[in-house]
1. Under a 1.4 Å probe, what is the accessible area of segment 57-112 per residue, stated in Å²?
2. Could you look at segment 59-164 and say what percent of its accessible area is carbon and sulfur, using a 1.4 Å probe and all protein chains?
3. Would you pull out the residues with amide H under 5 Å of residue 54's amide H, same chain only if 5 or more places away, H placed 1.01 Å from N?
4. Check cross-link reach from residue 162 to the lysines: straight Cα distance under 23 Å, and skip same-chain residues fewer than eight apart.
5. Once fully extended, how much extra length lies between residue 153 and residue 69, figured as 0.36 nm per residue of separation less the alpha-carbon to alpha-carbon distance?
6. How charged is the neighbourhood of residue 74? Take every other residue with its Cβ under 12 Å from the Cβ of residue 74, and add Lys/Arg as +1 and Asp/Glu as -1.
7. Kindly rank 127-134, 77-84 from highest to lowest mean number of other beta carbons found within 10 Å of each residue.
Amino acid sequence: MFAQFNQSNLSSLKPKFNSRLLAPFYLLLMLIVGALMPVHATENPLVGSWQLVSGKYLDGKGQWIDYADLKLSAIKVISAKHFSFTTVKNIGTAEEPVNEFWAAGTGSYQFSQSDYVEYPELNSFGVKPGTSFAFTYELKGNKWHTKRTEEGKVKEVEVWLKLD
């Protein structure tokens with residue numbers, strides 16, 4: 001009734017494949033999977049936490065205001081698709097700092113090799129949804145140099161130090 005199988009007649013039931021015929025299939029599969037994988041943080045040099053080192057902005061009177069004179073400090077956190085920052089002002093002394101809230105913002109962003117554009121969604125400084133802030137930037141070692149321009153005029157310059 002039932003045939004008895006031993007190792008020799010089991011091996012005859014295995015399908016026979018020519019591995020050289022499968023190589024192009026595996027290569028194509030690897031290319032497709034690689035193309036569909038998400039971009040990793042290592043491919044986006046901006047992802048991480050950044051501490052403000054220096055900066056200045058052009059006020060409504062056309063005068064440059066240095067962040068050091070205002071005693072501002074800030075941390076900006078950038079993920080794969082979003083940014084968030086908080087800035088405080090030291091109203092105390094260097095020896096006994098007393099930090100007071102200055103500004104905060106969060107939203108999405110886009111970047112290329114030389115441009116970084118923020119689209120604030122929540123902020124403390126009255127920017128309406130749909131507004132964007134466009135920066136050119138340059139990475140020099142662990143420092144991120146940004147320059148914001150509006151209508152061809154530089155409005156803000158900052159240097160950030162990468163924390164992680």
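The values are calculated or read from the model by the stated rules, or taken from the named source; none is laboratory data. All values derive from a computational prediction rather than experimental measurement. Please note: Cβ atoms are built from the backbone with ideal geometry, for glycine as well, and neighbour counts cover all protein chains shown. Accessible surface is based on the protein model in full, side chains and every heavy atom, while ligands, DNA and RNA are left aside. Shrake-Rupley method; radii C 1.70, N 1.55, O 1.52, S 1.80 Å.
1. Normalised by residue count, the accessible surface of segment 57-112 is 62 Å².
2. Carbon plus sulfur share of accessible area: 52 percent.
3. When sequence neighbours closer than 5 places are left aside, the close amide H contacts are 159.
4. Within the straight-line limit of under 23 Å, residue 162 reaches these lysines: 56, 71, 76, 81, 89, 140, 143, 147.
5. 28.0 nm
6. After counting each charged neighbour, the total is +2.
7. Packing proxy ranking, top to bottom: 77-84, 127-134.
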